[in-house]
1. Identify, from the list Arg59, Arg86, the residue that is in a helix (DSSP H, G or I), touching a residue at least 24 places away in the same chain (Cβ under 8 Å) and farther than 22 Å from Glu186 by Cβ.
2. Kindly evaluate Ala113 against the criterion of being within 30 Å of Glu318 (Cα to Cα), out of contact with any His (no Cβ under 6 Å at 6 or more places or on another chain) and outside any helix (DSSP H, G or I).
3. Take the residues in the range 184-196 that are surrounded by fewer than 24 Cβ atoms within 10 Å (Cβ to Cβ) and among the acidic types (Asp, Glu), then tell me which one is nearest to the ligand (Cβ to nearest atom).
4. Step by step: first the residues of the range 144-183, then only those that are away from the ligand (no atom under 11 Å from the Cβ) and polar (S, T, N, Q), then the one that is farthest from the chain's Cα centre (by Cα). Which residue is that?
5. Quickly run through the range 208-261 and pick out the residues that are part of a helix (DSSP H, G or I), within 21 Å of Asp148 (Cβ to Cβ) and near the ligand (Cβ under 8 Å from one of its atoms).
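Coordinate-derived values only; no laboratory data. Fair warning: this is a prediction, and the values are worked out from it, not measured in the lab. So basically every Cβ, Gly included, is an ideal-geometry build from the backbone, and we count neighbours across all protein chains shown.
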Amino acid sequence: MQQTPGPETPAQGTPAQETPVQGTPSEEAPDSVNMSAFEDTIARDQRIEPRDWMPDAYRATLVRQIAQHAHSEIIGMQPEGEWITRAPSLRRKAILFAKVQDEAGHGLYLYSAAETLGADRTDLTQRLIDGRQKYSSIFNYPTRTFADVGVIGWFVDGAAICNQVPLCRTSYGPYGRAMVRVCKEESFHQRQGYELLLTMMRGTDAQRAMVQDAVDRWWWPSLMMFGPPDDDSPNSARSMAWKIKRHTNDELRQRFVDMTVPQAEKLGVILPDPDLKWNEERGHHDFSTPDWDELKRVVSGDGPCNAERVARRRAAHEEGAWVRRAAVAHAAKRTARLREGAVA
Ligand code: BYC
């Protein structure tokens, strides 16, 4: 039976149990004692919480991944955001507006999760716009037609779901809990993308050609979203041991391919890989190797839109400085008023 998008939802990816009080930090205890409590919590599949002792490298890995994830959500507003003013109907405009707004919300949950680890959001933003921190390679490709909006929903949000549903069970509590809500929204985003494409495929020959062209352009970059192959992924082994990551990059890429092939058949598009075929023995689809040199180029800043995306983020940050100043002034006034009220 063919599948339409109906990915796992966080409800199926049951989060790990809450950490009991046993993991509380003990400033007086030697690091070896704290380390064994930490390892024990991980081994029992329970969660590390902000108050718990954790090794510096665990904290640094989480800040790196969560910040990169947050930046991806915020930069990821740009490719589709460009189509809000050009959406073909009021309905499509309202849907797209809501989706792009959701991505901003995801960025906020994730920056908040990074803050629980002691990271400073202003500093993280500065690192992004100085090119010292990464964001997902996928957002460095242009959105040429409205079909790209549908294909981003189908492929990019679909890939995000494959990657993020297991992150609902990540070992760090605030990250896992943020993922539960993010995944619910991503699941909706994926369905809206697929529904948009179904509508276009029922339209004219020109619309069908537009969908196929978008599929051809986004397929390989979407496979690259999962990161380098496992034997070239320096962070995977440690992140898996700490249960930050629950599956390797290649496992999730395979899951995405297996999920997407029947959806493509139902839609009536051809995925641009002549070697893509079901392998009975493996119980998975075989597919060609993505161009890993392209991923390296795009991640290191040399993709089609890297400069444009970062410049736009920098401009938005600078233009928003007065809003941040106003919010701080408002909060100070409010606190002062509350204090006066408490005194009176
Ligand atoms: N792009 O050792 P590896 C969304 C980096 S947005 C760029 O495998 P790791 C959406 C990697 O960071 C959600 N960089 O790393 C928004 C590392 O560099 P550093 C996007 C990449 O961390 C709007 C180096 O390469 N999802 O859904 O074990 C509209 C070596 O890699 C990429 C996330 O952010 C890449 N594709 O695994 C629509 C998921 N791949 O940091 C939708 C959260 C690798 O050592 N992140 N790198 O300098 C993760 O799950 C993991 O960080 C990754 C990489 C699987 C991406």
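1. Going through Arg59, Arg86 in turn, just one is in a helix (DSSP H, G or I), touching a residue at least 24 places away in the same chain (Cβ under 8 Å) and farther than 22 Å from Glu186 by Cβ: Arg59.
2. For Ala113, the condition - within 30 Å of Glu318 (Cα to Cα), out of contact with any His (no Cβ under 6 Å at 6 or more places or on another chain) and outside any helix (DSSP H, G or I) - is not met.
3. Result: Glu185.
4. The selected residue is Thr145.
5. If the condition is that a residue be part of a helix (DSSP H, G or I), within 21 Å of Asp148 (Cβ to Cβ) and near the ligand (Cβ under 8 Å from one of its atoms), then Met224 is the only one that fits.
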